[in-house]
Amino acid sequence: MALASLSSEELVMKLGAAGLELSDEEKRRFKDFEVDGETVSTGLTDHMIGQLFEKSFKKQVKFIKIVQQLKQSQSEEPSESQTASPAVSQEQRTPVPFPPVFSLPKFPKDVQLKLDNKEPCHKINSYRHKIIRVLQETMAQHTLYPSNSDYVSVVKALISKYPFLRDAEGNGYHTWHMSLKRKFKTERSPLVDEEEVKKIKIKYGHNVKSTGEKEASCQRASRSVADEDRVSLIGEDAASINAHVKTLKDQYKKTKPDAAVVDEKMKQTFAWRRMEITNGIPVADILGKYPFLRTPSVLFQEMGQMHGVADFSRCFQDSFSKIVPGMLKLAQGKSMIEGHYMDARKEAIAESFCDMDFRAALVLLPVIFREKVDKYITIGQGEPATPYPTVQILGASDWKRIFTEKRIFSTVKIEGSEICRAVGVEDGILSAFSAYFVYNIAYPSHSRNTLLFLQRHVLKVSAPGDKPLPTAVVRIINLLS
């Protein structure tokens, strides 16, 4: 009897005859999950097989082996139609085409109940994973390698029926799209011996990223000088810029510089400075020419002028304050540093909670994106782990003090050299972030999601040609919305 024609009961008997002893509970699952010969012939994912044999890897492996033997023996036995016509191999059969209009499957009862009640269950990982799993298993009945249009049709169907599942940013379905792609990749990984996977690997290649040496310098970004900055160069030349620069250097030597003069000269040299930085002049040379960039206040003014924000620091504080509770909730229990913060908070007075929470949310930001804190902020005067802008705390030897004390000295380093000193963790971190734009530095991969979140969500700063936000960033924004 052909494998595809077996009922659930007949399939169970066939497996028993092949040496796979099933418990009564496992036999019941075959019937409850409607696992018959046709289902097995179409193909079960690892997750499906895991549900059939929950507590035995041995049975899962044996089941897969028996099914492969049944399929092989069936393919070796010619049918009546095969004796009358040329053989058609399994690889030559036309797969079931992906439907032009995707119909959503039924989800597990607990998930479906929440969806029907319009509850944002996608903010809870366990429910989100179940939705992705069911969608992936339904799509896998048609192909192990969905096209981009297949993915889009599925996720569009999902958010069309359940609009409260939409992403808070972008096209509304980007995180669902990426989660489905990752799920397929995970499910395909054990199938290295499958013929279809072999063919795809041969067709597209299998590139392995090599681990390079530690970077010694920062990569420069491809940001160009804005048209309005080019216009503001009119009336200035090398001689006039040199005169402005001399005034700035003279002011920097004074114990109490004239703030109005400094502000005026920094504005007059702004467009020229942007052109110099875009052309690749080293950071050390820029600081030697414009020493006031070593101060957080001038760094913030530079950022504000670049992006049309009157009070850059205040804008940041107002925006970030709104998400502090949500950020701390997301970071809860995910880092030893968060534990130090909780200990410090227990010992603090209520009046200091607001400042401490703001500081903690800012420090723990990389934790939420599973990025390394020590490539963002460190304690002590050792060499930073990265050449990219990094905050080093100088006035404290432990994290509890950092969260407790407001006026702690910090320094920002780029490529091992100090570029700025700040008072307070907040100004240190904002100075380091500003340095990426002021000195035209590209975001490093180790902190990219953290920095993109600060730029695009907190500060609402964007530039022409910006790519869609990574899935990890959009998911955090969804959880905070």
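The values are calculated or read from the model by the stated rules, or taken from the named source; none is laboratory data. Predicted model only: the values in this text are computed from it and were never measured. All Cβ positions, glycine included, derive from the backbone under ideal geometry; neighbour counts span all protein chains shown. Accessible surface is based on the protein model in full, side chains and every heavy atom, while ligands, DNA and RNA are left aside. Shrake-Rupley method; radii C 1.70, N 1.55, O 1.52, S 1.80 Å.
Exactly one residue among 68, 74 is touching a Leu at 6+ places or on another chain (Cβ under 8 Å) and modelled with pLDDT under 85, and that residue is 74.
For the stretch 265-272, state whether one or more residues are at pLDDT below 95, farther than 16 Å from residue 436 by Cβ, open to solvent by less than 20 Å² (accessible area, probe 1.4 Å) and not in a helix (DSSP H, G or I).
Step one: filter the stretch 265-272 for residues at pLDDT below 95, giving 265-272.
When the remaining residues are screened for being farther than 16 Å from residue 436 by Cβ, the result is 265-272.
From what's left, open to solvent by less than 20 Å² (accessible area, probe 1.4 Å): 266, 269-271.
Okay, now just the ones that are also not in a helix (DSSP H, G or I), so 269.
The answer is yes, given that some residue of the stretch 265-272 is at pLDDT below 95, farther than 16 Å from residue 436 by Cβ, open to solvent by less than 20 Å² (accessible area, probe 1.4 Å) and not in a helix (DSSP H, G or I).
Selection within the stretch 107-117: residues that are touching a residue at least 12 places away in the same chain (Cβ under 8 Å) and not in a helix (DSSP H, G or I). The member of this set that is farthest from residue 156 (Cα to Cα) is 108.
Could you list, in sequence order, the residues of the stretch 125-145 that are open to solvent by less than 40 Å² (accessible area, probe 1.4 Å) and either assigned to a helix (DSSP H, G or I) or under 18 Å from residue 156 (Cα atoms) (or both)? 128, 131, 132, 133, 134, 135, 136, 137, 138, 139, 140 - these are the residues of the stretch 125-145 that are open to solvent by less than 40 Å² (accessible area, probe 1.4 Å) and either assigned to a helix (DSSP H, G or I) or under 18 Å from residue 156 (Cα atoms) (or both). The residues of the stretch 301-346 that are open to solvent by 60 Å² or more (accessible area, probe 1.4 Å), part of a helix (DSSP H, G or I) and of a type in the set (A, V, I, L, M), listed by number, are 336, 342. Tell me, yes or no, whether the stretch 375-382 has at least one residue that is part of a helix (DSSP H, G or I) and under 25 Å from the mean Cα position of the chain (by Cα). Checking the stretch 375-382: at least one residue is part of a helix (DSSP H, G or I) and under 25 Å from the mean Cα position of the chain (by Cα).
Of the strands (runs of 3 or more DSSP E) lying entirely inside the stretch 387-481, those containing at least 1 residues that are under 25 Å from the mean Cα position of the chain (by Cα), among the polar types (S, T, N, Q) and under 23 Å from residue 300 (Cβ atoms) are 390-393. Would you tally the residues in the stretch 151-177 being surrounded by fewer than 17 Cβ atoms within 10 Å (Cβ to Cβ), not aliphatic (A, V, I, L, M) and not in a loop (DSSP other than H, G, I, E, B)? Qualifying residue count for the region: 5.
Select, from 40, 61, 101, the only residue that is open to solvent by 40 Å² or more (accessible area, probe 1.4 Å), modelled with pLDDT of 75 or more and assigned to a helix (DSSP H, G or I). Break it down into steps so the answer makes sense when it comes.
Working: 40 fails: open to solvent by 40 Å² or more (accessible area, probe 1.4 Å); 101 fails: assigned to a helix (DSSP H, G or I).
One residue alone meets the criteria, 61.
If you go through the stretch 382-412 and pick out every residue that is closer than 27 Å to residue 220 by Cβ, open to solvent by 20 Å² or more (accessible area, probe 1.4 Å) and of a type outside the set (A, V, I, L, M, F, W, C), you end up with 2. When the stretch 1-36 is filtered for residues that are at pLDDT 80 or above, of a type in the set (Gly, Ala, Ser), touching a helix residue (DSSP H, G or I) at 6+ places or on another chain (Cβ under 6 Å) and farther than 17 Å from residue 65 by Cβ, only 8 remains.
Considering every residue within the stretch 315-324, establish whether at least one is over 22 Å from residue 451 (Cβ atoms) and either touching a residue at least 12 places away in the same chain (Cβ under 8 Å) or of a type outside the set (Asp, Glu) (or both).
First, pick out the residues of the stretch 315-324 that are over 22 Å from residue 451 (Cβ atoms): none.
For the stretch 315-324, residues over 22 Å from residue 451 (Cβ atoms) and either touching a residue at least 12 places away in the same chain (Cβ under 8 Å) or of a type outside the set (Asp, Glu) (or both): absent.
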